[in-house]
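Report on the following structure.
The values are calculated or read from the model by the stated rules, or taken from the named source; none is laboratory data. Since we're looking at a predicted model, the values are computed, not measured. Reconstructed Cβ throughout: ideal geometry from the backbone, glycine too, with neighbour counts over all protein chains shown.
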Amino acid sequence: MAFSQQVFYPTNFTLPHIPWFARLKDIGRGLFRVPVLKRLKPWVTRALSVIHPPKLLIGRHYPHKKGNLPKEGLTILSANLWHDWPHHRRLADRLRAFAQMVEQNSADIVLLQEVARTPLIKTDEWLAQQLGMAYFYIRANGDAEAIGFEEGLAILSRFPLTDPQAQQLSVVTSPFTRRMALSAHVETPFGGLRAFCAHLGLISGHNANQVEHLHDWVSLTARADSAVIGGDFNAHETSFQIQKTRRSWLDTFRALHPEKDGTTHELKMPWGRILRRTRRDYLFVQPGDRCWQVLEASHLKPANIYLSDHQIVMARLKPVGCGG
């Protein structure tokens with residue numbers, strides 16, 4: 001199968017109106033009339049470009065390599081790839097290690113957060129080409145064309161992807177940061193499946209609202225279809241929002257490991273001492289029109305490289321029907 005042509009889908013996101021920021025822009029226009037400060041205007045304009053929301057969803061509908069029928073159900077990975085801005089330490093090495101992990105686990109669907117784009121590498125395109133997968137990407141923060149860096153979300157698949165959609169989950173209080181979700185329909189050998197990838201905020205109250213927003217969007221978008229929802233939720237499993245989520249979505253890891261340590265993230269001091277261990281990364285299933293058996297669920301990290309400050313979440317799922 002030939003590698004499909006890259007496609008671009010316009011989004012409907014608009015620049016938010018924030019009164020204090022609009023006032024700041026008015027003040028800036030006055031200052032740039034001063035000859036000495038006028039020289040700074042192009043640099044400031046480039047820096048402020050990050051406030052503009054993403055205009056396009058970018059990707060390819062079809063994989064480069066034909067996806068065969070999985071023997072043991074579908075394998076799904078969710079990974080925060082740690083963009084490590086502004087250093088991007090060993091980014092190429094880390095991406096090669098991650099691609100190897102995808103292949104070793106025979107992953108069919110890959111949900112990615114903190115997908116970096118720099119002048120040297122576009123992570124989403126590089127991984128899709130390396131793995132022969134279909135993919136879709138949307139920018140969340142930064143702007144590669146203006147400042148040389150951005151990060152966003154991506155969905156990769158061994159099977160065709162259709163109907164890509166994106167949603168901003170965060171309430172607009174600052175024009176410089178966004179919390180996004182990305183979705184696409186995956187045409188698997190077991191039938192259609194909706195995949196969702198999300199990266200949520202750190203502030204507890206905002207995070208709870210974003211989880212609720214994500215839940216509503218999944219219900220609206222997937223409708224009666226089955227859906228897998230993965231990502232960096234930035235909330236421990238004892239939080240109210242995760243407890244509530246687990247009442248309507250299947251937590252694949254806990255379905256098999258009700259008592260096992262679920263840590264996916266460690267906060268460390270510069271000298272290596274661990275301050276806090278939390279579970280932030282999840283793979284959920286909304287059964288929809290099918291029931292799913294969790295065959296395997298685990299948290300992964302390579303032994304030979306510090307891939308990310310998060311562990312990779314893996315689940316292997318098999319549809320068993322719901323009497324239909």
Expected single match for closer than 17 Å to LEU81 by Cβ and in the same structural domain as THR221 (by TED's automatic domain parsing) among ALA134, ALA146, ALA92 is ALA92
_Within the range 145-158, does at least one residue satisfy the condition of being touching a Cys at 6+ places or on another chain (Cβ under 9 Å), over 18 Å from THR11 (Cβ atoms) and in contact (Cβ under 8 Å) with a residue 60 or more places away in the chain?_
no
For the range 56-68, pairs from a residue that is more than 12 Å from GLY132 (Cβ to Cβ) and at pLDDT 75 or above to a residue that is of a type in the set (S, T, N, Q) and not in a strand (DSSP E or B), with Cβ under 6 Å and 6 or more apart or across chains, are HIS61/SER4
In the range 243-285, anything farther than 21 Å from THR75 by Cα and in a strand (DSSP E or B) is listed as HIS265, GLU266, LEU267, LYS268, ILE274, LEU275, ARG276, ARG277, THR278
Of the residues in the range 127-141, those that are under 23 Å from ALA99 (Cα atoms) and surrounded by 18 or more Cβ atoms within 10 Å (Cβ to Cβ) come to LEU127, ALA128, LEU131, MET133, ALA134, TYR135, PHE136, TYR137, ILE138, ARG139, ALA140
Restricting the range 291-311 to residues that are crowded, with 18+ Cβ neighbours inside 10 Å and within 26 Å of ASP225 (Cα to Cα), the one modelled with the lowest pLDDT turns out to be TRP292
The number of residues in the range 93-117 that are assigned to a strand (DSSP E or B), of a type outside the set (A, V, I, L, M) and touching a Leu at 6+ places or on another chain (Cβ under 8 Å) is 2
The one condition GLN130 fails out of (1) touching a helix residue (DSSP H, G or I) at 6+ places or on another chain (Cβ under 9 Å); (2) assigned to a loop (DSSP other than H, G, I, E, B) is (2)
Report task. Could you tell me whether ARG290 is of a type in the set (Lys, Arg), assigned to a loop (DSSP other than H, G, I, E, B) and over 26 Å from ILE203 (Cβ atoms)? Result -> yes
Note on the range 142-158: residues buried (at least 16 other Cβ atoms within 10 Å of the Cβ) and part of a loop (DSSP other than H, G, I, E, B) are ARG158
Those residues of the range 209-233 which are closer than 12 Å to SER170 by Cβ and hydrophobic (A, V, I, L, M, F, W, C) amount to VAL211, LEU214
Note on GLY231: of the conditions (1) over 22 Å from TYR135 (Cβ atoms); (2) in contact with a Cys (Cβ under 9 Å, 6 or more places away or on another chain); (3) not hydrophobic (A, V, I, L, M, F, W, C), unmet is (1)
Expected single match for under 13 Å from the mean Cα position of the chain (by Cα) and of a type outside the set (A, V, I, L, M, F, W, C) among GLN168, GLN129 is GLN168
Within the range 229-250, of all residues that are hydrophobic (A, V, I, L, M, F, W, C) and free of Cβ contacts under 8 Å to residues at least 40 places away in the same chain, the one surrounded by the most Cβ atoms within 10 Å (Cβ to Cβ) is TRP249
